[in-house]
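Here is the structure we will look at.
The values are calculated or read from the model by the stated rules, or taken from the named source; none is laboratory data. Computed from a predicted structure; not experimentally measured. Don't worry about glycine lacking a Cβ; one is built from the backbone with ideal geometry, like all the others, and counts go over all protein chains shown.
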Amino acid sequence: MIERGLERAETQAVILAKNLQDKEAVLPRTWENGQLKTTTYSGWVSGFFPGVLWMLYGETGRQDFRDFAEEFTARVEPARKLTNTHDLGFMLMSSFGQGYRLTGNPHYLEVIHEGTDSLLTRWNPSLGVMMSWNPNGKWKYPVIIDNMMNLEMLCFCSRTFGDIRYEDIAITHSKTTIKNHFREDASTWHVVSYDPEIGGVQVKNTSQGYSDDSAWARGQSWGLYGYTMMYRETHDKAFLEQAIKIARFLRDHPNLPSDKVPCWDYDAPGAPNTQRDASSAAIMASALIELSQLDPDAEAAGWLDLAIMQLRTLTSSEYLAEPGEQGGFILKHSVGSLPGKSEVDVPLSYADYYYIEALLRLKKLVGSDHTI
Ligand code: GLY
């Protein structure tokens with residue numbers, strides 16, 4: 001399964017890179033109605049395709065992957081100065097972070113450092129959270145669960161530059177989010193908007209989910225991945241406990257289909273027999289593989305089993321594109337925003353990114369002394 005997935009990823013990534021080579025300054029987003037849809041550096045998904053190329057370079061050592069990875073990473077660079085978005089961790093860690101891990105290029109480190117300082121312009125120490133989206137008519141200070149994913153870059157900077165300030169902010173954001181973003185059953189709201197004047201929560205809503213009270217699938221996966229990552233980075237037991245609570249909620253959910261690829265929202269009408277979201281499964285599988293190595297309890301083996309079931313489904317012909325299919329994207333059947341009628345049942349660059357990350361995490365375990 002791992003080899004089949006990675007080989008297909010290699011074939012597809014070259015096709016997609018060649019499709020984009022002569023188009024200046026853009027990066028892939030999706031393939032819809034037979035057409036490649038792109039973003040610029042400022043879209044939240046800009047870093048994922050460079051990240052795919054870096055991971056494939058790391059896996060194969062092939063020079064063409066490195067050349068493509070360098071070229072597409074450079075297209076993301078202007079993001080380092082953005083202060084109007086919280087997505088800098090997604091954009092820069094998947095591209096420059098992967099590139100730095102594999103090459104040690106000091107320029108890549110500089111970009112990450114500046115991008116992290118740009119991200120910190122969105123930190124409010126009184127509220128204890130970073131702002132996700134800018135205020136609008138509805139929300140005064142919106143924070144989305146996805147923001148947990150941007151914290152890895154803060155932890156990375158503390159570790160690399162010896163400045164604990166970054167990690168302290170990541171820890172505080174994570175703890176405030178445990179307090180305000182999660183329901184009794186460990187499912188998460190998508191959007192929690194704070195009120196800086198009263199210093200607390202304004203309102204809890206959704207944006208991409210079925211309803212304010214539903215469990216939007218990708219949001220649950222971001223939470224699981226985010227707290228697993230924060231435990232890896234800090235060894236704070238509160239984060240491990242949160243990750244395990246989320247994992248149990250997802251594992252035991254009556255609407256998780258038997259092939260373990262979630263529907264776009266666990267509470268969507270018709271679930272579990274409605275539109276699937278492969279991106280949620282890929283993110284969740286990658287997180288569960290890591291969690292299986294961090295959770296000291298017997299339950300940990302189950303996290304790995306569940307991840308393997310998800311990867312088997314994603315690697316089947318139902319989800320894995322045929323060579324040359326859908327412009328070079330790897331996985332089929334993801335959902336960007338169903339309520340927004342945007343990117344429904346299409347490939348998405350982040351589904352591909354976390355799918356490859358999950359396969360590589362699993363491959364590393366297979367090649368080690370860990371019990372599978
Ligand atoms: N961070 C946006 C999304 O997951 O759709």
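For segment 58-109, how many residues meet the condition of being part of a helix (DSSP H, G or I) and either within 16 Å of the ligand (Cβ to nearest atom) or within 21 Å of Ala9 (Cβ to Cβ) (or both)?
Selection size over segment 58-109: 32.
Within segment 1-57, count every residue that is small (Gly, Ala, Ser), surrounded by 17 or more Cβ atoms within 10 Å (Cβ to Cβ) and part of a loop (DSSP other than H, G, I, E, B).
3
Which one of these does His370 not meet: (1) modelled with pLDDT under 95; (2) buried (at least 18 other Cβ atoms within 10 Å of the Cβ)?
Condition not satisfied by His370: (2).
What number goes with the only condition from (1) in contact with a helix residue (DSSP H, G or I) (Cβ under 9 Å, 6 or more places away or on another chain); (2) under 24 Å from Leu53 (Cβ atoms) that Lys175 does not pass?
All conditions pass for Lys175, except number (2).
Conditions (1) assigned to a loop (DSSP other than H, G, I, E, B); (2) in contact with an Asp or Glu (Cβ under 8 Å, 6 or more places away or on another chain), marked per residue:
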| residue | (1), (2) |
| --- | --- |
| Leu240 | no, yes |
| Ile244 | no, yes |
| Phe249 | no, yes |
| Pro254 | yes, no |
| Ser258 | yes, no |
| Val261 | yes, yes |
| Pro269 | yes, no |
| Thr274 | yes, no |
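Taking segment 1-13 on its own, how many of its residues are out of contact with any helix residue (DSSP H, G or I) (no Cβ under 7 Å at 6 or more places or on another chain) and either over 16 Å from Pro347 (Cα atoms) or free of Cβ contacts under 8 Å to residues at least 40 places away in the same chain (or both)?
Total satisfying the criteria: 3.
If you check Pro323 against the conditions, is it more than 15 Å from the ligand (Cβ to nearest atom), in a loop (DSSP other than H, G, I, E, B) and touching a residue at least 60 places away in the same chain (Cβ under 8 Å)?
Yes, satisfied.
Spot the failing condition for Leu291; the list is (1) in a helix (DSSP H, G or I); (2) farther than 30 Å from Leu20 by Cα; (3) out of contact with any Ser or Thr (no Cβ under 6 Å at 6 or more places or on another chain), and only one is missed.
Evaluating Leu291 over (1) in a helix (DSSP H, G or I); (2) farther than 30 Å from Leu20 by Cα; (3) out of contact with any Ser or Thr (no Cβ under 6 Å at 6 or more places or on another chain) leaves (3) as the failure.
Restricted to segment 284-319, and to residues that are small (Gly, Ala, Ser) and under 16 Å from Leu250 (Cα atoms), which residue is surrounded by the fewest Cβ atoms within 10 Å (Cβ to Cβ)?
Here the residue is Ala301.
Can you pull out the residues in segment 24-46 that are touching a strand residue (DSSP E or B) at 6+ places or on another chain (Cβ under 8 Å), charged (D, E, K, R) and either at pLDDT below 95 or within 12 Å of the ligand (Cβ to nearest atom) (or both)?
Passing the criteria: only Arg29.
Looking at Leu119, is it within 24 Å of Val52 (Cβ to Cβ), within 16 Å of the ligand (Cβ to nearest atom), part of a helix (DSSP H, G or I) and of a type in the set (A, V, I, L, M)?
yes
Going by what's in this entry, would Ala268 be described as within 16 Å of the ligand (Cβ to nearest atom), modelled with pLDDT of 95 or more and over 28 Å from Lys175 (Cβ atoms)?
Working: within 16 Å of the ligand (Cβ to nearest atom): yes; modelled with pLDDT of 95 or more: yes; over 28 Å from Lys175 (Cβ atoms): yes.
In short, yes.
Only one of these conditions is not met by Leu360: (1) within 16 Å of the ligand (Cβ to nearest atom); (2) in a helix (DSSP H, G or I). Which number is it?
Only one criterion is unmet by Leu360, namely (1).
Select from segment 242-265 the residues that are among the charged types (D, E, K, R) and away from the ligand (no atom under 16 Å from the Cβ) and write down the one among them that is surrounded by the fewest Cβ atoms within 10 Å (Cβ to Cβ).
The extreme case among them is Asp252.
Of all residues in segment 334-357 being within 15 Å of Thr315 (Cβ to Cβ) and hydrophobic (A, V, I, L, M, F, W, C), which is farthest from the ligand (Cβ to nearest atom)?
By that ranking, first place goes to Ile356.
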